[in-house]
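What follows is a short report on a single structure.
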Amino acid sequence: MNLVLGVLLAGGVAWGAYRMRLLTRDGALGAVVVGASVFGLGGWQPSLLMVVFFFTSSLLPRVLGRSGQSERRNLWQVLANGGMPTLAVWLAFLAPAFAERAWLAYTASLACATGDTWATEIGIRYGRQPRLILTGAPVPPGTSGAVSLAGTLGALLGSGLIGGLGALGTGLSAAQFLWAWGAGLAGVMLDSLLGASVQARFVCQRCQKRTESRVHCGVPAEWHSGWRWLDNNGVNALATLGAALTGFMGRF
Ligand SMILES: [Zn+2]
């Protein structure tokens, strides 16, 4: 019954996000699966965390004046951030003995995804000189693996907000809130480390710019360095997995 209501509610939100040009068509379909799972199996409290993640990270580029830069999220981008929280919800449902740990994993993976997107957007808008986390080399804002003071603050705020909502909504204790927050931040850190080291880089065949996207200027870009299969979505998925596992290990 809740699942039916979940499909309807998530369908409404996804439709609205599609109309607001936040999601592509297949991205909206993915959002329905994610949203229906979270609401259908977890109810409104965990759903609130997902909604806050989705709308703050989708709208931050517009709010901070990067409207020209913000692109619709496709299915892979939705799953890279929303897949791990969705798996955690299913784990809580299918294995009630692990429910408490699963909710910690859920909160931690969403705290990671939120902290990471807030770090990127706030870092791009307010960061002075981002530097690569491993070498300290100065790089353009928005480069994977770059860190700045403003971006770090964004990560603290974004993942702290989700952890706090988790404490209110899913009944985490104060210690669990801190654990989920810390696990989320650990995931953000993992994201930066992978982005600075093994994430694939490509070169556009049309404008010759280096890019993190497989497609640039509408044509497939050529692989340049890093692990060919590990693009930005893969890094996000691994980071949220790391946060989820760290969250899972805490219980108290
Ligand atoms: Zn290009």
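No value in this document is a laboratory result; all are computed from the given coordinates. If you're wondering where the values come from, they're calculated on a predicted model, not measured in any experiment. Note that each Cβ is placed from the backbone with ideal geometry, even for glycine, and that neighbours are counted across all protein chains shown.
Values computed for the structure shown
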quantity: Shape category assigned to the stretch 1-157 from the gyration tensor of Cα positions, a/c cut at 1.5; calculated: oblate
quantity: Cα centroid separation - the stretch 168-184 against the stretch 27-49, whole Å; calculated: 20
quantity: Least to most buried among MET84, MET249 (fewest other Cβ within 10 Å first); calculated: MET249, MET84
quantity: Order of LEU49, LEU91, LEU8, LEU29 - criterion: other Cβ atoms within 10 Å of each residue's Cβ, fewest first; calculated: LEU8, LEU29, LEU91, LEU49
quantity: Considering only the chain, percent of DSSP beta bridges that pair antiparallel, nearest 5; calculated: 85
